[in-house]
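Student: Below is a structure I'd like to ask you about.
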Amino acid sequence: MLDTLISHPDFWKYVSIPIGSGVIGWITNWLAVQMTFAPKEFIGIRPFFGWQGIIPSKAEKMGRIVVEKTLEKLGSMDEFFREMEPEKIAAHLTRSTQARIEEYTDEVMAERNAVLWENLPQMVRKRVYNRARRAIPQVMDNLIDDIGRNIEELVDLKHMVAKQLSEDKALLVRIFKEVGEPEFRFVINSGFYFGLMFGLIQVPVFIFFPENWVLPVFGFIVGIATNWLALNVIFSPLEPKKIGPFRIQGLFLRRQRDVAEQFAHITTTELMTLRNIMNQVLNGPHGERTKLLIKKHLKPLLDGGVVRTAAQLTVGPGGYLDLKRAVEDKAVDMSLYPFEDAAFNKERGAVVEKILSDRMQELSSEEFQDLLRPAFQEDEWTLIFVGGALGAMAGLFQLVVVFGI
């Protein structure tokens, strides 16, 4: 029987069917993954002729999903800020500002009366600097304490993350790629094995029904089924199930601990950094409220003698209000400078990273899958049917080139 099969004139052509199906499955799954992430910007003629990666095309929506499905379940903005230890943030602000107080004062005073300020005795200028240095620690403590109490109103977490990811599509793509790298690799490689399996079924069907439509139709089925199967193996079953000696669960769900650690690290070093939070505090939708807070807490510094003394020495009593406004504006402008310190950002982020990781490991399987599932769900059936169309074309190619029909 085997000898008869091997000696059949079309034996090697039949052998090529499952191999071809495996290749089709691999290519269609590979293409599905590429179309998920690339290109980052639309290529083609809008609205129908062209393509943009599914995730980059919905960057803002994906950013909101990251917040809604994950971050908002892990803690509040108030909690995250408290874990960053506001007292240490205030101390860092104090050190940074005190280190540059002479520079800041000189800049403001030079704008108002540069010649007179530069010609004042050094002893007099030092008196102004020292007054500011003594007042700054209390000002910073009060300011950060006030920001902490109002952080939920000052920071719109959803807006912050969605805006950053919509402006930085490369970061958005990297988050999904890094978090789901083993799963995306599985989707691609499983395409070959699922395709090979369907090809083995296809051989006897084609032998008994050598119709021209069989190979293209099976190619279409292979293209659709390999994508669909791969996605289901990643996320199903949701909860572990024992089948004999084996414990079965969706591949992504089994990696909850590793994914939690990885996602927490990316989030606290790229998204929820202290710098980004403070940038949102100052420049976000509620930035004007923050600026009023800054000015409120500067009042003791300004009215307590620093600006008044400087004004009397340089621009006279009449220029006091103008100089006061200049100092307030300068304080707002320089507010973000201390948060550019990469080492301080990393140190504060590390505190939140562990909390995020621990809480993410405690999520239910249903909640946890929401981290990666949107990457596949968005236009999922578009990708599956594109795979089917490519599979049908590959089946037609087999029919014409391999079998010469």
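Student: PHE209 versus (1) more than 14 Å from GLN398 (Cα to Cα); (2) in contact (Cβ under 8 Å) with a residue 40 or more places away in the chain; (3) not polar (S, T, N, Q): which is the lone unmet condition?
Tutor: Going through (1) more than 14 Å from GLN398 (Cα to Cα); (2) in contact (Cβ under 8 Å) with a residue 40 or more places away in the chain; (3) not polar (S, T, N, Q) one by one, PHE209 breaks only (2).
Student: Hey, any hits in region 323-341 for a residue that's open to solvent by 30 Å² or more (accessible area, probe 1.4 Å), assigned to a helix (DSSP H, G or I) and at pLDDT 75 or above?
Tutor: yes
Student: In this structure, is GLN280 under 19 Å from LYS73 (Cβ atoms), in contact (Cβ under 8 Å) with a residue 24 or more places away in the chain and polar (S, T, N, Q)?
Tutor: no
Student: Consider ARG149 against the criteria (1) among the basic types (Lys, Arg); (2) within 23 Å of HIS92 (Cβ to Cβ); (3) touching a residue at least 40 places away in the same chain (Cβ under 8 Å): it satisfies all of them except one. Which criterion is unmet?
Tutor: Failed condition: (3).
Student: I've got another one for you. Please work out which one of (1) modelled with pLDDT under 80; (2) open to solvent by less than 10 Å² (accessible area, probe 1.4 Å); (3) not hydrophobic (A, V, I, L, M, F, W, C) is the condition GLY287 fails and give its number.
Tutor: Against the list (1) modelled with pLDDT under 80; (2) open to solvent by less than 10 Å² (accessible area, probe 1.4 Å); (3) not hydrophobic (A, V, I, L, M, F, W, C), GLY287 comes up short only on (1).
Student: Here is a check on your reading of the model: is GLY244 within 18 Å of LEU31 (Cα to Cα) and either in contact with a Phe, Trp or Tyr (Cβ under 9 Å, 6 or more places away or on another chain) or without any contact (Cβ under 8 Å) to a residue 24 or more places away in the chain (or both)?
Tutor: Judged against the criteria, GLY244 is not a match.
Student: Can you name the condition, by its number, that MET197 falls short on among (1) open to solvent by 60 Å² or more (accessible area, probe 1.4 Å); (2) closer than 26 Å to LEU371 by Cα; (3) part of a helix (DSSP H, G or I)?
Tutor: (2)
The values are calculated or read from the model by the stated rules, or taken from the named source; none is laboratory data. Because the structure is a prediction, the values reported are computed rather than measured. Virtual Cβ from ideal backbone geometry, glycine too; neighbours counted across all protein chains shown. For the accessible areas, the whole protein counts, side chains as well, though only heavy atoms, and no ligand, DNA or RNA atoms are used. Shrake-Rupley method; radii C 1.70, N 1.55, O 1.52, S 1.80 Å.
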